[in-house]
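Structure first, commentary second.
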Amino acid sequence: MSGKGVKVDTLWFNFKTTWRNYSKEQIEKMQSKLHHGRKAPTRTNDRKVAVDVYLLKSTDNEDCDSPPYPAYKIEMALVCEEAMMEYGGEKVPLRFQGSDIELLRKAMWGALDARFATQWEDWYLVSVMGKKSWDSDDGTAINVTYETVEKGIMHDGVLVLRKTKYQAHEILPWPESFEDDDGNPIACIPATEENTKLLNVFSERVKEVEKGIREMLKPKAITETLRKMPELSRLLPSGET
């Protein structure tokens, strides 16, 4: 009983999709709201996917000379043209067939949930920020952080960014580049095991530099440190003191 059968109904699989029609200006406006601590609106569009229901009937043509022929087996088939499956080396519409319509529906809905689900990957936003005392405009400091965000690949290839802010998930289109609140560029790299290890090593090296600077600026050492500034010029990328 492999024929297509007679279409008797259409079921609708519902899911939400986002970020299809935002302009660059709208995206920048929403990102600006996030920078200032306000919740950006999330556009969600309801999508409906048709699942056609077919009646399949096997008849006994031997005991009857003319139609209607008696049926000895009746089944249902659920077919979704928007989701494909492999069969005989070719892609054909996703199809489930059997006698229990509710089991067929559950099987189809489970397959469509997986088919239209967003695939998420962990990424790191690596920031370098200065951090100084609140009551002084003088001095300097360095603060290297890496924040975990998620890159989502939607069923239609649209890329989205998900991050947790204020006990809620914020979702934005995946930007071409990342910036902090002051417009400084931020690196974004995959949160692979190797990158995690290397970032941890880098953080430890920064802590070692901080420890060394603290030692050089202790009360008993600061005067001598400042006198040796020409020798410390190698710590500066430009070689200037």
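For W174, the amide hydrogen comes within under 5 Å of the amide hydrogens of L159, V160, L161, counting only partners 5 or more places away or on other chains and with H modelled in the peptide plane. The distance between label points at H169 and K57 comes to 4.6 nm (points 7 Å beyond Cα on the Cα→Cβ vector).
Residue separation of T148 and R47 scaled by 0.36 nm, minus their Cα-Cα distance, works out to 33.4 nm of gained length.
Based on the Cα coordinates of region 79-225, what is the per residue volume of their convex hull in Å³?
Details: hull volume 27.7 nm³, N = 147.
Considering the Cα atoms of region 79-225, their hull volume per residue is 188 Å³.
Near K91, once Lys and Arg are set to +1 and Asp and Glu to -1 for all other residues with Cβ below 15 Å from its Cβ, the sum equals -2.
Among the listed pairs K197/K228; K4/K106; K7/K48; K48/K151; K197/K218, those whose Cα-Cα separation exceeds 27 Å are K197/K228; K197/K218. For K151, what charge total do you get from the other residues with a beta carbon under 14 Å from its beta carbon, if Lys and Arg give +1 and Asp and Glu give -1? Once positives and negatives cancel, what remains is -4. Using the Karplus relation 6.51 cos²θ - 1.76 cosθ + 1.60 with θ = phi - 60°, the per-residue 3J(HN,Hα) values for region 146-151 come to 9, 9, 7, 10, 10, 9 Hz, with x marking Gly and Pro. With θ taken as phi - 60° and the Karplus curve 6.51 cos²θ - 1.76 cosθ + 1.60 applied, the whole-hertz 3J(HN,Hα) list for region 110-127 is x, 5, 6, 4, 5, 5, 9, 6, 7, 8, 10, 10, 7, 10, 10, 9, 9, 10 Hz, x standing for glycine and proline.
We did not get these values from a lab; they are worked out from the coordinates using the rules stated. Nothing here was measured: the structure is a model prediction, and the numbers come from that model. So basically every Cβ, Gly included, is an ideal-geometry build from the backbone, and we count neighbours across all protein chains shown.
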